[in-house]
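The values are calculated or read from the model by the stated rules, or taken from the named source; none is laboratory data. Since the structure is predicted, the reported quantities are computational estimates derived from the model, not experimental observations. Virtual Cβ from ideal backbone geometry, glycine too; neighbours counted across all protein chains shown. In case anyone asks, the SASA skips ligands and DNA or RNA and just uses the protein heavy atoms, side chains included. Shrake-Rupley method; radii C 1.70, N 1.55, O 1.52, S 1.80 Å.
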Amino acid sequence: MSVTSPFDTSGGDCRLSNVKVNSCSLCDVRSSSICRDLSLSELAQVDAVMARRVVPKGRAIMSEGEPNDHLFVLVRGSMRLTKYLEDGRRQVTGFLFKGDFIGVRTTKSSAYTAEALDDCHVCRFPHRFLDEAAKTSPDLKDRLIARSQTEYHKAQDHIVLLGKKTAEERVLSFLDLLEGAVGGQRADGDREIPLAMPRQDIADYLGLRLETLSRTFSLLRKKGLLKEVSRNSVTRSDEASARLPSI
């Protein structure tokens, strides 16, 4: 399946911004992301080669089989990682969120496709940057990767999740992962977990049929393990969370 790259402007206006920010110090995820521990000189190295991109919803920042020559940091939004089988079937292998690293492994071509689930902001810089920066800061690459979640961490999470025996355990484990990445406290004290991805993406990721996923959400709500379930979010109360099984 062909996925359009956001850097291909031949198809007309793709609403991408190549405008470079004045400094990494302006980044709204610096204090909580991979650049947190960088010195001023290291930040200057990043800033010298980094470009900020806006990736519209539905566009791919990396496509399976295409050249893999850049690293990306997701500054805002969320992305879906997918692979396509020889018969055309799609496998969702993970989701990326604010602060995650994309394309960290140096390979000739990308092994997966990363598509924007909503309008995303990313920082983009060439693979060679880390090798060049390592000449003056030998541990820079290790510190950057240690600070981030990469697509390979996501793949490990996926393997563990698929090892769960029941649909309920898979869904609850998935919600735990999401809550850790994007969950937030509401004014009433409940915890709301945004669902940027459609139900079919969740079903594919969990290895479930769409009908099974819908029934499982309904069952978890009936049991009181979830308080509210909507198309775009799931809500847990403290009381409901206290009754969650250990998985």
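Report whether or not Ser32 is out of contact with any strand residue (DSSP E or B) (no Cβ under 9 Å at 6 or more places or on another chain) and either modelled with pLDDT of 85 or more or among the polar types (S, T, N, Q) (or both). Yes; evaluated as a whole, the condition is true for this residue. Contact annotation: residue pairs with Cβ atoms under 9 Å, 6 or more positions apart or on different chains, pairing a residue in segment 171-192 that is over 25 Å from Leu210 (Cβ atoms) and touching a residue at least 12 places away in the same chain (Cβ under 8 Å) with a partner that is assigned to a strand (DSSP E or B) and open to solvent by less than 70 Å² (accessible area, probe 1.4 Å), are Arg186/Glu192; Arg186/Thr235; Asp190/Thr235; Asp190/Arg236; Arg191/Gly184; Arg191/Thr235; Arg191/Arg236. Annotation note: of His158, His153, the sole residue that is surrounded by 17 or more Cβ atoms within 10 Å (Cβ to Cβ), within 26 Å of Phe101 (Cβ to Cβ) and modelled with pLDDT under 90 is His158.
One residue is enough: does segment 71-85 have a residue meeting the conditions under 27 Å from Thr136 (Cα atoms), part of a loop (DSSP other than H, G, I, E, B), open to solvent by less than 40 Å² (accessible area, probe 1.4 Å) and at pLDDT 80 or above?
Within segment 71-85, the first condition is being under 27 Å from Thr136 (Cα atoms), and the residues that meet it are 71-75.
Adding the requirement that they be part of a loop (DSSP other than H, G, I, E, B) leaves none.
Among the residues of segment 71-85, not one is under 27 Å from Thr136 (Cα atoms), part of a loop (DSSP other than H, G, I, E, B), open to solvent by less than 40 Å² (accessible area, probe 1.4 Å) and at pLDDT 80 or above, which makes the answer no.
Of all residue pairs spaced 6 or more apart or on separate chains, those with beta-carbon atoms under 6 Å, a first member in segment 44-55 that is under 24 Å from Ala116 (Cβ atoms) and among the aliphatic types (A, V, I, L, M) and a second member that is modelled with pLDDT of 70 or more and open to solvent by 40 Å² or more (accessible area, probe 1.4 Å) are Ala51/Arg124; Val54/His121. Sub-7 Å Cβ pairs linking a first residue in segment 124-135 that is surrounded by 14 or more Cβ atoms within 10 Å (Cβ to Cβ) to a second residue that is among the aromatic types (Phe, Trp, Tyr), at least 6 apart or interchain, are Arg124/Phe72, ordered by first then second residue.
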